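Notes to accompany the following structure.
The values are calculated or read from the model by the stated rules, or taken from the named source; none is laboratory data. Note that this is a predicted model, so its numbers are computed, not measured. Cβ placement follows ideal geometry from the backbone for every residue including glycine, while neighbour counts extend to all protein chains displayed. Surface accessibility is based on the protein's heavy atoms, side chains included, excluding ligands, DNA and RNA. Shrake-Rupley method; radii C 1.70, N 1.55, O 1.52, S 1.80 Å.
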Amino acid sequence: MASSTKFTRTPLIHSFRQLIARLFEGSSSHKLVRRILSLVIFFGVWQLLCQIKFNFIINFDFLPSPLEVVAATWEFFTSDPWVHFRSSIARVLIGYAIASCLGIILGIFIGAFQKADDFLSPPLELLRPIPAVAWIPLAILMFPTAEAGMIFITFIGGFFPVLISTIKGVESTLNDTVLIRVGQCLGAKPRHTFLDIIIPGALPSIASGLVIGMGNAWFCLVTAEILAGRYGVGYITWESYVTSNYPPIVMGMLLIGLMGAFSSWAVSRLTAALMPWRQINKQGR
């Protein structure tokens, strides 16, 4: 009997090992499977810790389980979710668009011209460490409507990553004296050097800043929708916290994370399309 059990287990263990080995081998065809598997493990571990009421340093006793969050999500989607999605997406996209345009323009000038750096960097560096939540009182005072104040808070979240990445990208390209001199030897005038060498050379850093800025804009959404509130995913999250309704809090957090991840992916793909010369080959694909 024991030999029969061993005989049946051995092929199963061997097949399981082969499956794990195939998932972690270099083929890119398993990339999606690995990513889905990581999510399954994440939510599985979370559900398990809630089931056993794990309480050591981190307390899972009162934390909503993934199944409770799914139930809250179902209830949310069977009501009228699109008014909340529409409000949050509009606030983030408007704030992010203004932050991107202003951050790139100011970043190029500060990175390329010393006088612009001297005049603009001190006040911007003074404002940069201020967290978004600290801007709420001033947003109430500065803007005539709560909607404009909420857009301003998402603007704050997206602006500084774009600005700093653009400055560093331009400065890094200017420090590449070989690249600049090659252009000058080929007859490039200052205008051509700026447009054809410095700006394209700074694009990878600008792209990184745009991706980080998009994530930060979503990061500030809950803070922004504390300002006023009737609609928005961040408002639902905050309202659920005030009323001690815990599953919708986690649902709101995950929805913001999902929309933030998707929009960051979209920005990353869009900026990659602007840099066809840039090929990234990671090790262990």
inquiry  = How long are the semi-axes of the equivalent ellipsoid of the range 155-250, defined as square roots of 5 times the Cα gyration tensor eigenvalues? Whole Å, largest first.
reply    = 46, 10, 8
key: 222 nm mean residue ellipticity, helices alone, for the chain (DSSP H n ≥ 4; -39,500 (n - 2.57); rounded to 500)   = -25000 deg cm²/dmol
note = Measuring from the longest principal axis of the C-alpha atoms of the chain, the long axis of helix 233-242 (C-alpha) lies at a number of degrees, nearest 10, equal to 60 degrees
inquiry  = Just to confirm the number: angle between the C-alpha axis of helix 114-127 and the first principal axis of the chain, 0 to 90 degrees, nearest 10?
reply    = 40 degrees
note = With Cα springs under 10 Å, the Gaussian network model of the chain assigns the largest mean-square fluctuation among A207, A217, A188 to A188
task = Counting only heavy atoms of the protein chains, get the accessible area per residue of the chain (1.4 Å probe) and round it to a whole Å² value.
result = 64 Å²
inquiry  = Can you give the FRET efficiency to the nearest 0.05 for Y246 and D196, using r as the Cβ-Cβ distance and R₀ = 51 Å?
reply    = 0.40
ask   = For the chain, which whole-number percentage of the solvent-accessible area (1.4 Å probe, protein heavy atoms only) is attributable to carbon and sulfur atoms?
value = 69 percent
note = The Cα extents of the chain along the principal axes, largest first and rounded to whole Å, are 85, 51, 36
Spacing of the two label points (7 Å from each Cα toward its C-beta) at T177 and M275, in nm = 2.5 nm
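Suppose the chain between L37 and I98 were pulled fully straight at 0.36 nm per residue; how much longer would it get relative to their current alpha carbon spacing? Write down the numbers at each step before the final one.
On the way: separation 61, 0.36 × 61 = 21.96 nm, distance 3.75 nm.
Answer, rounded to one decimal: 18.2 nm.
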remark   = Most fluctuating of M251, M214, M275 in the GNM of the chain (C-alpha, under 10 Å) is M275
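Any idea what the relative contact order of the chain is, in percent, if you count C-alpha pairs under 8 Å spaced at least 6 apart?
Rounded, it is 21 percent for the chain.
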ask   = Where does helix 146-175 land angle-wise versus the long Cα axis of the chain, in degrees 0 to 90, nearest 10?
value = 70 degrees
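State, as an integer percentage, the relative contact order of the range 39-151 based on alpha-carbon contacts under 8 Å between residues 6 or more apart. Don't skip to the end; give the middle numbers.
Details: 39 pairs, mean separation 18.2, N = 113.
About 16 percent, as a whole number.
Of the lysine pairs in the chain, how many meet both conditions: Cα atoms under 30 Å apart, and a spacing of 8 or more in sequence or different chains? Spell out each step's value before the answer.
Values: K31/K282; K115/K168; K115/K189; K168/K189; K168/K282.
Taking the Cα cut-off of 30 Å, the pair count is 5.
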key: Candidates V170, V40, V250: whichever shows maximal mean-square fluctuation once the chain is modelled as a Gaussian network with Cα springs under 10 Å   = V40
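How high is the relative contact order of the range 177-285, in percent, with contacts defined as C-alpha pairs under 8 Å that are six or more residues apart?
Relative contact order, the range 177-285: 25 percent.
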ask   = Just how far, in whole angstrom, is the range 199-266 from the range 45-96 if you go by their alpha carbon centroids?
value = 13 Å
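By how many nm would the segment from I58 to V70 grow when fully extended, if each residue of separation counts as 0.36 nm and the alpha-carbon distance is taken off?
Values: separation 12, 0.36 × 12 = 4.32 nm, distance 2.23 nm.
Extending this stretch completely gives an extra 2.1 nm.
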message = Test of understanding: extend the Cα→C-beta vector of L258 to 7 Å, then name every residue of the range 38-69 with backbone N under 15 Å from that spot.
response = 39-40, 43, 66-69
request  = Using only the Cα atoms of the range 213-285, each taken as one equal point scatterer with no solvent, compute I(q) by the Debye sum, divide by I(0), and report log10 of the ratio at q = 0.13 Å⁻¹.
outcome  = -0.51
request  = May I ask you to list the chymotrypsin sites (Phe, Trp or Tyr not before Pro) in the range 105-198 that are in a DSSP loop and have at most 12 other Cβ atoms within 10 Å of their Cβ?
outcome  = none
Zero-based 10 Å bins, Cα pair distances in the range 45-107, whole percents = 18, 24, 20, 24, 14, 1
